[in-house]
Amino acid sequence: MTLAVISGTKEQWIPFEIEWKKNLKKHKAKYLHTTDAVAMNDPFDKDSGWTEKSRDAFLLDCVTVASRHIAIKRPIGVGVDLGYIPPP
């Protein structure tokens with residue numbers, strides 16, 4: 001599974017980073033490592049307070065945040081088609 005790869009200029013990155021950090025805080029996550037989240041490995045395990053439902057909500061919110069800041073959108077590996085916008 002691949003969630004996303006995001007890069008950009010400083011002007012593009014700052015709005016993404018602000019929203020990303022808000023999302024991490026909302027879900028009480030220090031970071032996202034998709035492989036560990038999907039497998040519910042530490043720090044996304046049940047002992048750390050995660051459930052499949054909370055994990056899925058976190059991943060969906062991560063996809064939503066990323067999709068707001070991507071110029072070229074393509075389907076990603078979680079069954080969500082973000083559409084396609086041709087490059088300028």
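The values are calculated or read from the model by the stated rules, or taken from the named source; none is laboratory data. Bear in mind the structure is a predicted one, so any value in this text is a computation, not a measurement. With ideal geometry, Cβ positions are generated from the backbone for all residues, glycine too; neighbour counts draw on all protein chains shown.
Descriptive notes on the structure:
- Number of positions in the range 64-81 that are buried (at least 16 other Cβ atoms within 10 Å of the Cβ) and at pLDDT below 90: 5
- Checked against the criterion of being modelled with pLDDT of 95 or more, at positive phi, part of a loop (DSSP other than H, G, I, E, B) and out of contact with any Pro (no Cβ under 7 Å at 6 or more places or on another chain), the range 18-30 has at least one qualifying residue.
- Figure legend. Inter-residue proximity from the range 26-37: first residues free of Cβ contacts under 8 Å to residues at least 24 places away in the same chain, second residues part of a loop (DSSP other than H, G, I, E, B), beta-carbon distance below 6 Å, spacing 6+ or different chains. Indicated pairs: 36/44; 37/44.
- Scanning the range 38-74 for residues being in contact (Cβ under 8 Å) with a residue 12 or more places away in the chain and among the charged types (D, E, K, R) gives a total of 5.
- The residues of the range 1-53 that are loosely packed, with under 12 Cβ neighbours inside 10 Å and among the aromatic types (Phe, Trp, Tyr) amount to a single one, 31.
- Selection from the range 37-70 of residues that are touching a His at 6+ places or on another chain (Cβ under 9 Å), part of a helix (DSSP H, G or I) and either of a type in the set (Ser, Thr, Tyr) or farther than 18 Å from residue 25 by Cβ (or both): 54
- Any hit, the range 28-36, residues being under 16 Å from the mean Cα position of the chain (by Cα) and among the basic types (Lys, Arg): yes
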